[in-house]
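Participant: Please find one structure pasted underneath; my questions will follow.
The values are calculated or read from the model by the stated rules, or taken from the named source; none is laboratory data. Model, not experiment: these values are computed from the prediction. A quick note on method: Cβ atoms are made from the backbone with ideal geometry, for glycine too, and the neighbour counts reach across all protein chains shown.
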Amino acid sequence: MKLGFVCVQNAGRSQMATAFAERERDARGLDWEILTGGTHPAESVHEEVVRAMADEGFDLSDRTPREVSTAELESCDVVATMGCSTLSLDADVDVRDWALEDPDGKSPEEVARIREAVRRRVRDLFDELA
């Protein structure tokens, strides 16, 4: 199984989703590949996201947003977009738009709320697919 988590900048929601997915994968002992990227990646992960994830024991300070190609996405079984999807993939990929609010520039409380929504979506995805 290969999962993709994508947003425009790959600096907030998709980084949170990837961190939660890596933890779920490891906790469940699954041999799944996890891909993350953005269509127009930022220079770094948003500071408010780094802080919010640190509260949950994740260190995202060393992660760098990256561009993701259509070919990479088409190699996935499931691709979750974070709320800004215009993806049109030719392959047999299950594309899901999670319609999550962008945490960039939000208050710590708002980022925590978004983080919890991401956590629930990732957990539910793993429950469904595992």
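Participant: Give the residue, chosen from Gly37, Gly4, that is touching a helix residue (DSSP H, G or I) at 6+ places or on another chain (Cβ under 6 Å) and surrounded by 15 or more Cβ atoms within 10 Å (Cβ to Cβ).
Facilitator: Working: Gly37 fails: touching a helix residue (DSSP H, G or I) at 6+ places or on another chain (Cβ under 6 Å).
Among Gly37, Gly4, only Gly4 is touching a helix residue (DSSP H, G or I) at 6+ places or on another chain (Cβ under 6 Å) and surrounded by 15 or more Cβ atoms within 10 Å (Cβ to Cβ).
Participant: When both residues are 6+ apart or on different chains and their Cβ atoms are under 8 Å apart, which pairs have a first residue that lies in the range 34-45 and is closer than 14 Å to Met82 by Cβ, and a second that is in a strand (DSSP E or B) and of a type in the set (Val, Ile, Thr)?
Facilitator: The qualifying pairs are Thr36/Val6; Gly37/Val6; Gly38/Val6; Thr39/Val6.
Participant: Another question about this same structure. Would you list the helices (runs of 4 or more DSSP H) that sit entirely within the range 1-95 and hold 1 or more residues that are over 13 Å from the mean Cα position of the chain (by Cα), over 27 Å from Asp127 (Cβ atoms) and of a type in the set (Lys, Arg)?
Facilitator: On the way: elements: 13-28, 47-54, 70-74.
Correct list: 47-54.
Participant: Continuing with the same structure: Scan the range 69-98 for residues that are closer than 18 Å to Val49 by Cβ and either out of contact with any strand residue (DSSP E or B) (no Cβ under 7 Å at 6 or more places or on another chain) or of a type in the set (A, V, I, L, M) (or both) and jot them down. Give the derivation first.
Facilitator: Taking the range 69-98 as the starting set, the residues that turn out to be closer than 18 Å to Val49 by Cβ are 80-84, 98.
Ala80, Met82, listed by residue number.
Participant: Only residues that are surrounded by fewer than 14 Cβ atoms within 10 Å (Cβ to Cβ) and farther than 28 Å from Thr70 by Cβ: list them for the range 80-130, please.
Facilitator: Passing the criteria: Gly105, Ser107, Pro108, Glu109, Glu116, Arg120, Asp127.
Participant: Does Ser44 count as out of contact with any Phe, Trp or Tyr (no Cβ under 7 Å at 6 or more places or on another chain) and either among the aromatic types (Phe, Trp, Tyr) or under 21 Å from Pro108 (Cα atoms) (or both)? Break it down stepwise before answering.
Facilitator: Working: out of contact with any Phe, Trp or Tyr (no Cβ under 7 Å at 6 or more places or on another chain): yes; either among the aromatic types (Phe, Trp, Tyr) or under 21 Å from Pro108 (Cα atoms) (or both): yes.
Considered against the rule, which asks whether it is out of contact with any Phe, Trp or Tyr (no Cβ under 7 Å at 6 or more places or on another chain) and either among the aromatic types (Phe, Trp, Tyr) or under 21 Å from Pro108 (Cα atoms) (or both), Ser44 comes out as yes.
Participant: Moving to a separate point now. Only one residue in Ser61, Ser14, Ser44 is out of contact with any Gly (no Cβ under 9 Å at 6 or more places or on another chain), of a type outside the set (A, V, I, L, M, F, W, C), surrounded by 13 or more Cβ atoms within 10 Å (Cβ to Cβ) and modelled with pLDDT of 95 or more. Which one?
Facilitator: Numbers: Ser61 fails: surrounded by 13 or more Cβ atoms within 10 Å (Cβ to Cβ); Ser14 fails: out of contact with any Gly (no Cβ under 9 Å at 6 or more places or on another chain).
Among Ser61, Ser14, Ser44, only Ser44 is out of contact with any Gly (no Cβ under 9 Å at 6 or more places or on another chain), of a type outside the set (A, V, I, L, M, F, W, C), surrounded by 13 or more Cβ atoms within 10 Å (Cβ to Cβ) and modelled with pLDDT of 95 or more.
Participant: So which residues in the range 47-57 are surrounded by 13 or more Cβ atoms within 10 Å (Cβ to Cβ) and touching a residue at least 40 places away in the same chain (Cβ under 8 Å)?
Facilitator: Glu48, Val49, Arg51, Ala52, Met53, Glu56
Participant: Taking Asp102 as the residue in question, decide whether it is outside any helix (DSSP H, G or I), closer than 15 Å to Val45 by Cα and in contact (Cβ under 8 Å) with a residue 24 or more places away in the chain. Lay out the reasoning, then the answer.
Facilitator: Working: outside any helix (DSSP H, G or I): yes; closer than 15 Å to Val45 by Cα: yes; in contact (Cβ under 8 Å) with a residue 24 or more places away in the chain: yes.
In short, yes.
Participant: Kindly indicate whether Arg119 is part of a helix (DSSP H, G or I) and in contact with a helix residue (DSSP H, G or I) (Cβ under 9 Å, 6 or more places away or on another chain). So that I can check it myself, show each step before the final result.
Facilitator: Working: part of a helix (DSSP H, G or I): yes; in contact with a helix residue (DSSP H, G or I) (Cβ under 9 Å, 6 or more places away or on another chain): yes.
So Arg119 passes the test.
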